Each structure stands twice: as C-alpha cells, then as structure tokens.
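What follows is a single structure, written as structure tokens, with notes after it.
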C-alpha cells in the first residue's frame, strides 16, 4: 500500500485549470485516495466557491490516476472516458475556495475496459458528494490515433 503522496500531474493527462487533484496516496489494487485544495482558478468558481458538480470530475481524475498506477512504474497517463453517472448525491451546492478535499474511490466491477467506481468527496468537516460512475479506457489503437488526440 502506497503512503507517500505522489503529484497528480505525473498520473493524469489533465493540465492547467482542468487538473483539479493535487496528489494521490493510499493506493490498493482497487482503490485510491487523492487530495486537493479548491482554488479560484477552478472552472465553475463564483463568489468564493465552486459548484459541487465538479466533485464528479474529481472522482474521474482520481480513477485516471489509479489506472496509470496499475500499469506499472513509469507508465504515462492515458485517455479515459467518463461514460455515465449512475448515482450522485450532493450534500451542499458548493465548495468554498481554500477547502482541502479528500477524494476516495473504489472499483466495484470491471468488464474489459469498462468499470464502475464509487467515489466520495469530503473535507475534514463536511461531505460534499457520493457518486457511482461508469468509465471506459479506450484501446491502444484509439490512444495512439493523432486525430483523436487533436480533438481533446
């Protein structure tokens, strides 16, 4: 089990304003915890808080990091697709800027390159979101297609 935090930038393809998670830690084969601090640079920031809908993206980015970690040391982040939100329960409409968030994900099932994960986003004091999402990691032929990469 990994305890030393790793920078998320090494594990996910997201950059600039869309890289929302800062680091990951506490990995097992089927789960991972990530952490971040909400900033005013995040999308959907208004009046000192961001919309809780971004919690879905935090969970998806944590899943992306787990996918990279599973492929062995030195693996590069790959394209992944959020294909469905089966459930999402938001306990608050927004998350204040400056809040440290903990994102916990756990894989519930997998068939080939399709998987279902549950995720929770919380601070030390509050829970913001519990969700169950469906993700897919396209095969190598799509990953290496330059036309697909240009559209992302």
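The values are calculated or read from the model by the stated rules, or taken from the named source; none is laboratory data. The model shown is predicted, which means the values in this text are computed figures rather than measured ones. No Cβ is skipped: glycine too gets one built from the backbone with ideal geometry, and neighbour counts run over all protein chains shown.
Tallying residues that are in contact with a strand residue (DSSP E or B) (Cβ under 8 Å, 6 or more places away or on another chain) and either over 15 Å from residue 33 (Cβ atoms) or without any contact (Cβ under 8 Å) to a residue 40 or more places away in the chain (or both) within the stretch 77-109 yields 22.
In the condition set (1) modelled with pLDDT under 95; (2) more than 13 Å from the chain's Cα centre (by Cα), residue 80 is compliant with all but (2). Residues that are farther than 18 Å from residue 106 by Cβ and modelled with pLDDT under 85 do not occur anywhere in the stretch 32-54.
Could you say whether any residue in the stretch 58-71 is modelled with pLDDT of 90 or more and assigned to a loop (DSSP other than H, G, I, E, B)? No, because not a single residue in the stretch 58-71 is modelled with pLDDT of 90 or more and assigned to a loop (DSSP other than H, G, I, E, B). Taking the conditions exactly as written (surrounded by fewer than 16 Cβ atoms within 10 Å (Cβ to Cβ) and in contact (Cβ under 8 Å) with a residue 40 or more places away in the chain), does residue 112 satisfy them or not? So residue 112 does not fit the description; no. When residue 128 is tested against (1) part of a strand (DSSP E or B); (2) under 19 Å from residue 36 (Cβ atoms); (3) over 13 Å from the mean Cα position of the chain (by Cα); (4) at pLDDT below 95, just one condition goes unmet, and that condition is (4).
The set of residues from the stretch 6-41 being buried (at least 19 other Cβ atoms within 10 Å of the Cβ) and assigned to a loop (DSSP other than H, G, I, E, B) comprises 11, 12, 20, 21, 38.
Taken over the stretch 12-43, the criterion of being free of Cβ contacts under 8 Å to residues at least 24 places away in the same chain and out of contact with any strand residue (DSSP E or B) (no Cβ under 7 Å at 6 or more places or on another chain) is satisfied by 15, 16.
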